Amino acid sequence: MIQNFWICINAVVPLMIYLIIGMLVKRVGLINDDEVHRFNRLVFIVLFPPMMFENLYGAKLSTALNPRLIVFALVFLLSYIALSIPVVQKLEKKPETRGAMIQAMYRSNFVLMGLPIAINICGAGNVSKTAILVTIIVPTYNVLAVIILEYYRGGRASISKMLRKIVTNPIILGAVAAGIAISLNITVPKSIDRVVYSLSECTTPMAMMLLGASFNIKSVKSGKRNLSISIIAKLIVLPAIGLPIAMLLGFRDVEFVSLIVMMAAPCSVSSYTMAESMGSDGELAGNAVIFTTGFSILTIFGWLFLFKNMGMF
């Protein structure tokens with residue numbers, strides 16, 4: 001049990017340290033809000049594609065692509081959202097707040113916190129299944145968020161815009177590039193591979209420090225109840241329902257770790273931006289990102305430690 005404790009600690013503590021460094025950097029004035037926004041965009045466009053490429057390139061698609069894992073993740077995600085909608089509609093009357101709450105309850109920061117934790121647990125060369133799952137689940141999160149937020153503000157989602165965003169998403173482009181290289185048996189020159197690897201290694205520290213620097217605690221007086229419900233639903237209820245089902249269905253090792261980090265990761269940072277830009281409750285969405293990120297350091301450790309002791313990975 002002591003060994004399992006330290007394995008789980010080593011998976012989450014580095015991310016917590018990066019967050020704290022980012023908060024300190026912001027506090028001493030080395031970076032401002034505009035620079036945080038610009039650097040976040042740089043990380044998303046420049047660093048995430050190499051990270052996805054590095055985690056897929058060299059893997060065998062026949063073993064990395066697990067249809068059973070992907071189908072379970074998608075079916076569970078849709079089922080969880082279907083269950084959350086009537087609950088939120090009963091608890092909250094404002095349409096814009098309903099949309100933000102539903103999004104906060106399901107939309108995980110799978111790339112920024114999930115994938116690095118999976119790498120810390122399983123090793124950098126062993127998470128191709130996780131990377132494939134990311135390329136499926138993250139666009140699904142985005143599409144569902146657009147549909148939900150548009151519905152609760154009385155609009156209609158643009159299918160063409162959603163498709164354009166999906167195919168131009170840097171994460172998807174990195175995965176597609178790796179897929180092409182694998183399918184065509186392309187050998188990446190060592191000089192280029194070294195650059196890709198170096199950029200990949202920079203991604204998690206940079207992204208997590210910027211997340212720490214973006215922390216901006218707002219007033220939660222008016223939305224304390226809704227925020228509490230969103231936090232509990234995201235960090236406790238979702239994994240408490242999904243992970244036992246995954247265990248009963250026989251998922252183990254990297255597959256199970258992939259599902260832990262997908263379900264237990266905090267709210268996606270982009271959920272705030274999307275809620276704000278689509279007329280939803282931006283303050284609730286922003287606070288959900290902040291508080292779920294902080295609490296998730298403890299809850300993710302708890303889920304990892306629990307299932308590690310149960311021999312699931």
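Across the range 52-74, the number of residues qualifying as assigned to a loop (DSSP other than H, G, I, E, B), open to solvent by 70 Å² or more (accessible area, probe 1.4 Å) and aliphatic (A, V, I, L, M) comes to 1.
Of all residues in the range 25-36, those satisfying the criterion of being touching a residue at least 12 places away in the same chain (Cβ under 8 Å) and under 20 Å from Gly294 (Cα atoms) are Val25, Lys26, Asp33, Val36.
Rundown of residues vs (1) farther than 24 Å from Ile171 by Cβ; (2) without any contact (Cβ under 8 Å) to a residue 60 or more places away in the chain; (3) β-branched (Val, Ile, Thr); (4) open to solvent by 10 Å² or more (accessible area, probe 1.4 Å), yes/no style:
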position: Gly212; (1), (2), (3), (4): no, no, no, no
position: Ile232; (1), (2), (3), (4): yes, yes, yes, yes
position: Pro239; (1), (2), (3), (4): no, no, no, no
position: Pro244; (1), (2), (3), (4): yes, yes, no, yes
position: Glu255; (1), (2), (3), (4): no, no, no, yes
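Considered as a group, the residues in the range 147-169 that are open to solvent by less than 80 Å² (accessible area, probe 1.4 Å), at pLDDT 85 or above and touching a helix residue (DSSP H, G or I) at 6+ places or on another chain (Cβ under 8 Å) include one that is nearest to Leu77 (Cα to Cα), and that residue is Ile148. Is it the case, given these coordinates, that Tyr106 is hydroxyl-bearing (Ser, Thr, Tyr), under 17 Å from the mean Cα position of the chain (by Cα) and open to solvent by less than 20 Å² (accessible area, probe 1.4 Å)? So Tyr106 passes the test. Modelled with pLDDT of 95 or more and either open to solvent by less than 50 Å² (accessible area, probe 1.4 Å) or more than 16 Å from the chain's Cα centre (by Cα) (or both): does that describe Leu248? It is true that Leu248 is modelled with pLDDT of 95 or more and either open to solvent by less than 50 Å² (accessible area, probe 1.4 Å) or more than 16 Å from the chain's Cα centre (by Cα) (or both). Any residue at all in the range 75-84 that is open to solvent by 30 Å² or more (accessible area, probe 1.4 Å) and on the phi > 0 side of the Ramachandran plot? No, every residue in the range 75-84 fails to be open to solvent by 30 Å² or more (accessible area, probe 1.4 Å) and on the phi > 0 side of the Ramachandran plot. Number of residues in the range 1-23 that are open to solvent by 90 Å² or more (accessible area, probe 1.4 Å) and without any contact (Cβ under 8 Å) to a residue 24 or more places away in the chain: the value is 3. When the range 80-122 is filtered for residues that are within 21 Å of Met278 (Cβ to Cβ), touching a Ser or Thr at 6+ places or on another chain (Cβ under 8 Å), of a type in the set (Gly, Ala, Ser) and in a helix (DSSP H, G or I), the ones remaining, listed by number, are Gly99, Ala100, Ala104. In this structure, is Ala145 under 19 Å from Leu56 (Cα atoms) and of a type in the set (A, V, I, L, M, F, W, C)? Criteria not met by Ala145. Open to solvent by less than 80 Å² (accessible area, probe 1.4 Å), β-branched (Val, Ile, Thr) and closer than 27 Å to Ala175 by Cβ: does that describe Val43? Here the answer is yes, as Val43 does meet what is asked.
The values are calculated or read from the model by the stated rules, or taken from the named source; none is laboratory data. These figures come from a predicted structure and were not determined experimentally. Ideal geometry is used to build each Cβ from the backbone, glycine not excepted, and the neighbour counts take in all protein chains shown. Accessible surface is based on the protein model in full, side chains and every heavy atom, while ligands, DNA and RNA are left aside. Shrake-Rupley method; radii C 1.70, N 1.55, O 1.52, S 1.80 Å.
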